[in-house]
Amino acid sequence: MNNLTKALMEELTVEYVKVGPLQIPESVVISWVILAIVTIGSILLTRNLKVDHISKRQAVLEMAYLAGTNFFEGLLGEKGRRYVPYLMTVAIYIAFSNLIGVFGVKPPTKDLDVTAALALMSIILIEGAGIRARGGVGFFKSLAAPTPVMTPMNILEIAIRPTSLCMRLFGNVLGAFVIMELIKLVVPVFVPAVFSLYFDLFDGLIQTYVFVFLTSLFMKETMGGED
């Protein structure tokens, strides 16, 4: 267990990359690399798009885009359409951040600061969407629903949501690491490689889905989707 504790502490320790006089967190540098890869990939994949006689590449891209758009619009409705690009962008970033562990790189989502920043951005979007949909007066009235007695609980819920999003993403990513270390202690050969592939690929994609799905549900609620 001492080895597990040591490995866990190393995993939780934030490494820094020195760039001149600056000390930049490793998670930030890796995020920059991910953003560069996604940006360059997007430019290359969207070149020479056509209206007629489209290529297989364009067909796959359009199918993926429509699938994502239909998924989020199905959750948010027509009035939530303007938020779909943000949700799809966050999904791509989290997916790449989790999948990058396959290449032996520490995922940015293992840094609590990264997951907290993602949750903070999402909660700003959630509450902003609610204010835009209901109006300022309507939004503040919703804090007193169904009765004014519930106002403190409704305000507390606003603070709980980003905490929930943050800790769920961070906890699941870190939990996968702990399980992997325990498996290595019990079965040190072959089996850990199989489970590592599962946690780096499938579990990483599942956590991506959960994060954007819950964000969409919270947005639907604040916009009055349940009225």
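The values are calculated or read from the model by the stated rules, or taken from the named source; none is laboratory data. Predicted model, so just to flag it, every value in this text is computed and none were measured. Here Cβ is always computed from backbone atoms with ideal geometry, including for glycine, and neighbour counts include all displayed protein chains. Accessible surface areas use protein heavy atoms only, side chains included; no ligands, DNA or RNA. Shrake-Rupley method; radii C 1.70, N 1.55, O 1.52, S 1.80 Å.
Data overview
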read-out: Residue that is modelled with the lowest pLDDT, among those in the range 1-24 that are open to solvent by less than 70 Å² (accessible area, probe 1.4 Å) and in contact with a strand residue (DSSP E or B) (Cβ under 6 Å, 6 or more places away or on another chain); value: Val14
read-out: One residue from Ser55, Ser142 being open to solvent by 30 Å² or more (accessible area, probe 1.4 Å) and touching a residue at least 60 places away in the same chain (Cβ under 8 Å); value: Ser142
read-out: Tally of residues being hydrophobic (A, V, I, L, M, F, W, C) and at pLDDT below 80 across the range 145-164; value: 3
read-out: Near pairs, Cβ below 9 angstrom, 6+ apart or cross-chain, from the range 150-176 (free of Cβ contacts under 8 Å to residues at least 24 places away in the same chain and at negative phi) to any residue that is surrounded by 12 or more Cβ atoms within 10 Å (Cβ to Cβ) and outside any helix (DSSP H, G or I); value: Met150/Leu143; Met150/Ala144; Thr151/Leu143; Thr151/Ala144; Asn154/Leu143; Asn154/Ala144; Ile155/Leu143
read-out: Selection from the range 189-227 of residues that are among the aliphatic types (A, V, I, L, M) and at pLDDT 80 or above; value: Leu205, Ile206, Val210, Val212, Leu214, Leu217, Met219, Met223
read-out: In the range 78-121, residue nearest to the chain's Cα centre (by Cα) [restricted to those that are of a type in the set (Val, Ile, Thr) and over 19 Å from Leu201 (Cα atoms)]; value: Val114
read-out: Scope the range 134-176; condition aliphatic (A, V, I, L, M) and over 28 Å from the mean Cα position of the chain (by Cα); matching residues; value: Val137, Ala144, Ala145, Val149, Met150
read-out: Subset of the range 107-132 (residues that are open to solvent by 50 Å² or more (accessible area, probe 1.4 Å) and modelled with pLDDT under 85); value: Leu112
